[in-house]
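Data block below; observations after.
Since every read-out is calculated from the coordinates, none of them should be taken as a lab result. Please read all numbers here as calculations on a predicted model, not as lab measurements. Reconstructed Cβ throughout: ideal geometry from the backbone, glycine too, with neighbour counts over all protein chains shown.
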Amino acid sequence: MNINIEVNEKPGITEVSIAGELDIYTAPELKKVFEPVAADGTSSLHVDLKELSYMDSTGLGLFVGTLKDLNRNDKELRVTNVQPRIMKLFEITGLRDLMYITEYSEGEEVEK
Amino acid sequence: MSYIDSLTNDYEEILRLYLYENDVDAAIAKCHTFSRNVIEIDTSPEEIVSLHTQMLNHMHVNDVDLVKQSLEILEEVMISFGFTYRDYRAMLDKLDLHDQELDIAASLQETMLKPTIPVADTMQIGAISIPAGKVSGDYFNFIHHNSHKISFAVADVIGKGIPAAIAMTMLKFGMELAHLNKGPAKALETLNNLVEKNVNKNMFITMFYGVYDYRNGKLTFSSAGHEPGYIYRYEEDVFEEIDTKGLVLGVRQDNTYFEKTVDLKENDMIFIFTDGVSELRKHDETFIDMNDIFQMLREMKDNHPQDTVQYLYETLTRMQNNLRKDDLTMLIIKNAKNLY
């Protein structure tokens, strides 16, 4: 049950890659990364989930809170390369329709 | 050389630096590392004092002034022990407080939030909800209306403890207030606005809301981002997914929900559950297959739904990886029209 977070700051965009598992135990660590970006409101957040193998509802809650904060400042949340099992979570909960999100497919990114 | 031996050597080195080379800074710096290491391996303070005495003998330190000086090193190590001890106490106090909070939430769930299962001749109900820990993030509720209808809901609240228990209380009273004639979709819309205003930004609730007429077997339902439910068709021996694809509660004000209606024939069953069931992790870390659950339901199709959910719960708990435990909730409503 581990998470590895990489952050890359660009002008106007914060890029974050998450690997491992995002659950009730690892979510606080990611929150420390997301929260300042969302609260600051000067850059959009682009999150790559290619290496993320598992996410539970606490993880999903963190995305919801971050999305709300970003939207308040007219900033965007982009979630890319989502593994099918995690994509199903975004779909069932209806959250998929609230953000820009793409599913991971062998070697290429597919926009849906 | 064992780790203990190397720590003993470290201590000798610290004393040598301090007593004979007067290199105070180096000695103190090493002293901090040493303290950290001995605390990590659960060394007791008396073991350190005994190590100190041994070292003085071993190094033939007999001069009273040197012995006195050496005690300054011992004091330095003991200070680290003191800090660790205070941290430990503070953590215990925190745990205590946390425990009390969980107790309050758990007793709220035990008393105020416990639903009454409706009883009628033409339907049978089975319901089970077992938390993984002390308190549950799952919630289910029934309301028996006088007009041969029941409202029921299964919900998963993100987060636990008092905030979750408060959210559940809100759901309970929201359901009581939702007007029956307006249907499940309108009920979810009311609940959504209530929840959105009152929960923190990282929290949301998934909910399946149904109204079942036990006189004619008509089910009207709506879902707020909840796991799809199923209807088991007894005669055809098939499972039909029931879902309306709506957004979870608490994310967006004035969200619209949709509803559908289906008819249950004799012995058909409605099966609603939380993701503790569908996302169950097995001992080998793989996820459960819904077909396995369907198979269990088939085996139990002629039993009372309460026995079925009990059987499912016991089987699922055996399959479950204990490190991955989640709250489990299942609800079955069976059209038992012609049993009587």
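Numbers at a glance
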read-out: Percent of alpha-carbon pairs separated by more than 24 Å within the stretch B:3-104; value: 32
read-out: Linear extension gain, B:H144 paired with B:R318, 0.36 nm per residue minus alpha-carbon span; value: 59.2 nm
read-out: Net lengthening on full extension, A:S53/A:A39 (0.36 nm per residue, minus Cα-Cα); value: 2.3 nm
read-out: For chain B, size of Cβ-based charge dipole, Lys and Arg +1, Asp and Glu -1, in debye; value: 2060
read-out: Ascending count of other beta-carbon atoms within 10 Å, so fewest first, for B:D263, A:D23, B:D284; value: B:D284, B:D263, A:D23
read-out: Amide H contacts of A:I13 (H built 1.01 Å from N, under 5 Å, at least 5 apart or other chain); value: A:S44
read-out: Packing-based exposure ordering (other Cβ within 10 Å, fewest first) of B:Y232, B:Y209; value: B:Y232, B:Y209
read-out: Per-pair calculated FRET efficiency, R0 = 60 Å: B:N291 and B:E21 via Cβ, rounded to 0.05; value: 0.20
read-out: Aspartates and glutamates whose Cα lies under 20 Å from that of B:K301, excluding same-chain neighbours fewer than 8 positions away; value: B:D121, B:E235, B:E236, B:D237, B:E240, B:E241, B:D263, B:E266, B:D268, B:D289, B:D292, B:E314
read-out: DSSP-loop chymotrypsin sites (Phe, Trp or Tyr not before Pro) across the stretch A:12-112, with at most 16 other Cβ within 10 angstrom; value: A:Y25
read-out: Simple label model, 7 Å out from Cα along Cβ direction - B:V119 to B:T33, nm; value: 7.4
read-out: Mean projected area in nm² (Cα convex hull; one quarter of hull surface) for the protein assembly as shown; value: 29.2
read-out: Efficiency of FRET between B:I104 and B:E47 - r from beta-carbon atoms, R0 30 angstrom, step 0.05; value: 0.10
read-out: Given 16 as the ceiling on other Cβ atoms within 10 Å, longest exposed-site-free region of chain B for GluC sites (Glu not before Pro) in DSSP loops; value: B:22-234
read-out: Residues B:S80, B:S136, A:S53, sorted so that the one with the fewest Cβ neighbours within 10 Å comes first; value: A:S53, B:S80, B:S136
read-out: For a label point 7 Å along the Cα-to-beta-carbon line of A:D97, residues of the stretch B:239-256 with backbone N under 17 Å; value: B:243-256
read-out: Rg(Cα) / (2.2 N^0.38 Å) computed for chain A, rounded to two decimals; value: 0.97
read-out: Entries in A:K75/B:K245; B:K260/B:K325; A:K75/B:K197; B:K172/B:K197 that, when Cα-Cα distance is taken, lie over 24 Å; value: A:K75/B:K245; B:K260/B:K325
read-out: Debye log10 I(q)/I(0) for the stretch B:112-339, one point scatterer per Cα, at q = 0.08, 0.17 Å⁻¹; value: -0.26, -1.27
read-out: Geometric extent, Cα atoms of the stretch B:120-229 - Rg, Dmax (angstrom); value: 14.1, 44
read-out: Dipole of the stretch B:166-289, positive end: most advanced residue of B:A185, B:N267, B:N216 [Cβ charges, Cα centre]; value: B:A185
